[in-house]
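A.B. asks: There's a structure below that I have some questions on.
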């Protein structure tokens, strides 16, 4: 899971939560909580160092995303413990399906009919409050589903902020 975290900036939560449910027979709330607890440790520090040395991290933006994650995690955790477990599982499955499709540019291909092989990534400076808002949303997601925020942050940095995929993974990991 650490390799996935370092390579893609999306964390091991995408593998960890389902593994805890299937292999260790945890319910979804316990698996989410265990995943979040595992991420509280110094996860990804070595990956951040490597990305920083390569000049791929946008530090100021990562700090604003991190602040948003901090605020959103509390709200997402509160929601998770107060929502019906069956509904939480269904929401989780739907969101993961959407994320998988967005990573493969399925929506862009079918909706916009554009050539997905010629995508250009040119970083466009955006207001810092957008990074904070993205962090809050990713934090809510992380608190609800026991995932790192990277699974939300990386696609948004690529799709909306036009980050190069490596810079998106690096900035997400730093946050």
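The values are calculated or read from the model by the stated rules, or taken from the named source; none is laboratory data. What you see is a predicted model; the values in this text were computed from it and never measured. Positions of Cβ are backbone-derived with ideal geometry, glycine not excepted, and every protein chain shown enters the neighbour counts.
A.B. asks: Among the residues of the range 129-150, which ones are assigned to a helix (DSSP H, G or I), within 13 Å of residue 175 (Cβ to Cβ) and in contact with a helix residue (DSSP H, G or I) (Cβ under 6 Å, 6 or more places away or on another chain)?
C.D. replies: 131, 132, 134, 135, 136, 138, 139, 142, 150
A.B. asks: Would you confirm whether any residue within the range 21-33 is surrounded by 19 or more Cβ atoms within 10 Å (Cβ to Cβ), more than 15 Å from residue 147 (Cα to Cα) and at pLDDT below 85?
C.D. replies: Within the range 21-33, none of the residues are surrounded by 19 or more Cβ atoms within 10 Å (Cβ to Cβ), more than 15 Å from residue 147 (Cα to Cα) and at pLDDT below 85.
A.B. asks: Return yes or no: is residue 94 exposed (fewer than 14 other Cβ atoms within 10 Å of the Cβ), under 16 Å from the mean Cα position of the chain (by Cα), closer than 22 Å to residue 26 by Cα and at pLDDT 80 or above?
C.D. replies: Spelling it out, residue 94 is indeed exposed (fewer than 14 other Cβ atoms within 10 Å of the Cβ), under 16 Å from the mean Cα position of the chain (by Cα), closer than 22 Å to residue 26 by Cα and at pLDDT 80 or above.
A.B. asks: Report whether or not residue 83 is closer than 30 Å to residue 31 by Cα, surrounded by 13 or more Cβ atoms within 10 Å (Cβ to Cβ) and modelled with pLDDT under 90. Before the answer, list the steps.
C.D. replies: Values: closer than 30 Å to residue 31 by Cα: yes; surrounded by 13 or more Cβ atoms within 10 Å (Cβ to Cβ): yes; modelled with pLDDT under 90: yes.
Here the answer is yes, as residue 83 does meet what is asked.
A.B. asks: In addition: Residue under question is residue 44, and the condition is that it be more than 26 Å from residue 127 (Cβ to Cβ), crowded, with 19+ Cβ neighbours inside 10 Å and modelled with pLDDT under 90; does it hold?
C.D. replies: Values: more than 26 Å from residue 127 (Cβ to Cβ): yes; crowded, with 19+ Cβ neighbours inside 10 Å: yes; modelled with pLDDT under 90: yes.
Answer is yes for this residue.
A.B. asks: Taking only pairs six or more apart or across chains, which ones have beta-carbon atoms under 7 Å, a first residue in the range 157-175 that is at negative phi and surrounded by fewer than 16 Cβ atoms within 10 Å (Cβ to Cβ), and a second residue that is in a loop (DSSP other than H, G, I, E, B) and at pLDDT 85 or above?
C.D. replies: 166/56
A.B. asks: Follow-up question, since we're still on this one. Quick one: in the range 97-111, of everything that is surrounded by 13 or more Cβ atoms within 10 Å (Cβ to Cβ) and over 16 Å from the mean Cα position of the chain (by Cα), which residue is modelled with the highest pLDDT?
C.D. replies: For the range 97-111, the residue satisfying everything is 105.
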